[in-house]
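Colleague: Below you'll find the structure I mean.
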Amino acid sequence: MAMNDPADTGESYATLELFQPPTAHKKQFRDALDRALAKLDQLVPIFGLRNPRMGIEDSCNYAFCTDDEWVASFWTGQLWLAYSLTGDEKFKNSARARWSYFQRVLENPAWHDHDLGFLFLLSCVADHKLTSNQKARDMAIRAADFLAARWRQPLPFVMCWNPMQRDGADFAARKTRTLNIDSMQAMSLLYWAHRQTGQQSFLDIANMHNETGIKHLIRDDFSSYHCYEFDPTTGNPIGGYTHQGLADESCWSRGQSWALHGLAQSYLNTNKNAFRDAAAGLADYVATKLPKDGVPLWDYDLPEDRYPYRDTSAAAVTAAGLYTLAQGFGHGPEVAKYTDLADRILIGLVENHDIAANPEAEGLLNEGAAFVDLGRANNMLPYGDYYYFEALMRAVGHTEFFW
Ligand code: GLY
C-alpha cells in the first residue's frame, strides 16, 4: 500500500511495516476482500454524494446521513481504503467530493465532539497520507485543534459529548463530565497532528486521555464501562455507567472493541507498553466471552432470557484491533495468540454475515446492533462495513491505515 506522509517521523510504523499476521485463512480473506472491493465499485455511482447512516429494517438498503452525523466518514474511509488498494481515481474523486461536508463540520462548532476523530481520520488524514494533499492536511489539523481544545481542566480527558436539548437536564449535565469509551478511537487524530506539527500538547493530551481511560473505563477483569463520570470541580472519579450497553456493570461489546482497537493503535503511535498491555487485557477478556461462531452478542453479559442480537460491528472492530495488537507485539507467542482470535471472529463474519455477494446489498455485513434499547438492531452499519474492510486488509498483511 503506497503511503506518503513526508512529515511523519516514522515512529513504530517504520519498523513494523513488514508485519504479516500468521493467519490460517489467507485465501478466504483475500476472496472476501475482493468481494468487498467489487461491492464498493458497484456502490460508488449508487451512493453519489450520500453517506450511509444505518441499514433500513428488513432490507439490504441504507438510509443516508443528514447533517451532524458521527457516522458520516465511514463510507469515505472505505473509499480511501479502496483507493489505497487499487489506485483507481474513481475512489479518490468520490472521497474528495465529500470535502465540502467536512468543511461544514469545521465551520459548525455545535457539531464538534469526540467524533471529530472518526470524521477527520477517515477523510482528511486518509487523503493526506495517500496523496500528500495540503488542503486535507490543514483541515485535519484544524479538527485536531478543536478536539484538543475540548480538554477542560481539571477533568483528565477530552470532553466527549455535548449536552443536547433532547437529553433532559440530568443526562445533559452528566454528559459534560463523562469520559466515554468510544473516544479512545479519536486519539489517533492527536497523535497524527503531533507528528505533523511537533506540537507537544497534542501528544500530552492524547496520552492523558488514554491513561484516564485505562484507569477508569477498564475494570480489574478487563471488561469495560461504556462511560465514566467525574466531578467537574475536582476532576475526581465518581463512577461508571452505561448508555448503550445492557447495564451499568455489564460489558457493551462495541465499547470493548473501541478501546481494544484504539489502545492497540495508540501503542503503534507511541510505543507505550501500558497501552499494549491494556489492549491485550481487553482482548483476553473477549476470548472468554465469544460465542462459538465468533461473533459477539451486543453485550457480553446478556442473560439468556434476552433476544440474542449479535453485533457484527463489534466483531469487525475487535478483529481489526486484534490484528493491530498482533502487529504491536511483532514477534513472540502473542502474535499467534491474537491472530488466532482475530481469525476466529473474522471467519465468523465471512461465513455467516458477509452479504457482499448479494447484488442487491448496499453494504458488507448484516446483523449490526447500533443501539438495542432504542430498537436499532439487526441492521447493516457503515462502521461495521468500514472495520470489516480494514480487518480483511490487516488479515492479509496490510499495515498502513489512517489512525
Ligand atoms: N460511537 C457510538 C457507537 O458506537 O454507537
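The values are calculated or read from the model by the stated rules, or taken from the named source; none is laboratory data. Nothing here was measured: the structure is a model prediction, and the numbers come from that model. Here the Cβ positions follow ideal geometry from the backbone for every residue, glycine too, while neighbour counts run over all protein chains shown. For the accessible areas, the whole protein counts, side chains as well, though only heavy atoms, and no ligand, DNA or RNA atoms are used. Shrake-Rupley method; radii C 1.70, N 1.55, O 1.52, S 1.80 Å.
Colleague: Among (1) within 15 Å of the chain's Cα centre (by Cα); (2) more than 16 Å from the ligand (Cβ to nearest atom), where does Trp403 come up short?
Modeller: Just one mismatch for Trp403, condition (2).
Colleague: Among all residue pairs at least 6 apart or on different chains, which show Cβ distances below 9 Å where the first residue, located in segment 154-170, is assigned to a strand (DSSP E or B) and the second is at pLDDT 95 or above and among the polar types (S, T, N, Q)?
Modeller: Taking only residues 6 or more apart or on different chains, the pairs are Val158/Ser183.
Colleague: From the list Ser73, Ser84, pick out the single residue that is under 30 Å from Glu362 (Cα atoms), among the hydroxyl-bearing types (Ser, Thr, Tyr) and within 16 Å of the ligand (Cβ to nearest atom).
Modeller: Answer to the check: Ser73.
Colleague: Of the residues Lys215, Lys175, only one is within 14 Å of the ligand (Cβ to nearest atom) and either open to solvent by 40 Å² or more (accessible area, probe 1.4 Å) or assigned to a helix (DSSP H, G or I) (or both); which?
Modeller: Residue meeting the stated conditions: Lys175.
Colleague: Separate question: Any residue that is of a type in the set (Phe, Trp, Tyr), out of contact with any strand residue (DSSP E or B) (no Cβ under 6 Å at 6 or more places or on another chain), away from the ligand (no atom under 16 Å from the Cβ) and modelled with pLDDT of 95 or more - is there at least one of those in segment 356-372?
Modeller: No - not one qualifying residue is present in segment 356-372.
Colleague: Next up: Considering segment 261-274 alone, what residues qualify as being away from the ligand (no atom under 13 Å from the Cβ) and touching a residue at least 60 places away in the same chain (Cβ under 8 Å)?
Modeller: The answer is Leu263, Ala264, Gln265, Ser266, Tyr267, Leu268, Asn269, Thr270, Asn271, Lys272, Ala274.
Colleague: Something else now. Failed condition for Gln165, given (1) within 26 Å of Tyr101 (Cβ to Cβ); (2) open to solvent by less than 40 Å² (accessible area, probe 1.4 Å), with all others met?
Modeller: (2)
Colleague: Which one of the conditions (1) within 16 Å of the ligand (Cβ to nearest atom); (2) within 26 Å of Ala342 (Cα to Cα) does Tyr241 fail to meet, given that it meets all the rest?
Modeller: Just one mismatch for Tyr241, condition (2).
Colleague: When the residues of segment 23-61 are narrowed to those that are open to solvent by less than 10 Å² (accessible area, probe 1.4 Å) and within 16 Å of the ligand (Cβ to nearest atom), which ends up farthest from Glu390 (Cα to Cα)?
Modeller: Gly55
Let's see how each residue does on (1) open to solvent by less than 10 Å² (accessible area, probe 1.4 Å); (2) within 16 Å of the ligand (Cβ to nearest atom):
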| position | (1), (2) |
| --- | --- |
| Phe120 | yes, yes |
| Gln134 | no, no |
| Asp138 | no, no |
| Ala144 | yes, no |
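Colleague: Within segment 137-153, work out how many residues are assigned to a helix (DSSP H, G or I) and touching a residue at least 24 places away in the same chain (Cβ under 8 Å). Spell out the reasoning first.
Modeller: Kept after step one, since they are assigned to a helix (DSSP H, G or I), are these residues of segment 137-153: 137-148.
Still in the running and touching a residue at least 24 places away in the same chain (Cβ under 8 Å): 137, 139-148.
Summing the residues that are assigned to a helix (DSSP H, G or I) and touching a residue at least 24 places away in the same chain (Cβ under 8 Å) in segment 137-153 gives 11.
Colleague: With the requirement that a residue be among the hydroxyl-bearing types (Ser, Thr, Tyr) and within 16 Å of the ligand (Cβ to nearest atom), what does segment 178-212 give you? Explain how you work it out, then say what you get.
Modeller: Residues of segment 178-212 that are among the hydroxyl-bearing types (Ser, Thr, Tyr), as a first pass: 178, 183, 188, 191, 197, 201, 212.
Selection gives Thr178, Ser183, Ser188.
Colleague: Looking at segment 154-172 only, could you name the residues that are of a type in the set (A, V, I, L, M, F, W, C) and within 16 Å of the ligand (Cβ to nearest atom)?
Modeller: Phe157, Val158, Met159, Cys160, Trp161, Met164, Phe171
Colleague: Sticking with this one: Could you list, ordered by first residue, the pairs with Cβ atoms under 8 Å in which the first is in segment 323-338 and of a type in the set (A, V, I, L, M) and the second is outside any helix (DSSP H, G or I), at least 6 apart or interchain?
Modeller: From segment 323-338, the pairs are Ala326/Phe19; Ala326/Pro21; Val335/Pro21; Val335/Pro22; Ala336/Pro22.
Colleague: Kindly establish whether Ala320 is within 16 Å of the ligand (Cβ to nearest atom), modelled with pLDDT of 95 or more and within 23 Å of Asn352 (Cα to Cα).
Modeller: Answer is yes for this residue.
Colleague: Take residues that are of a type outside the set (D, E, K, R), within 22 Å of the chain's Cα centre (by Cα) and within 27 Å of Tyr323 (Cα to Cα) and tell me which of the helices (runs of 4 or more DSSP H) falling wholly in segment 25-100 contain 3 or more.
Modeller: Numbers: elements: 26-47, 74-86, 89-96.
Of the helices (runs of 4 or more DSSP H) lying wholly inside segment 25-100, those with at least 3 residues that are of a type outside the set (D, E, K, R), within 22 Å of the chain's Cα centre (by Cα) and within 27 Å of Tyr323 (Cα to Cα) span 26-47, 74-86.
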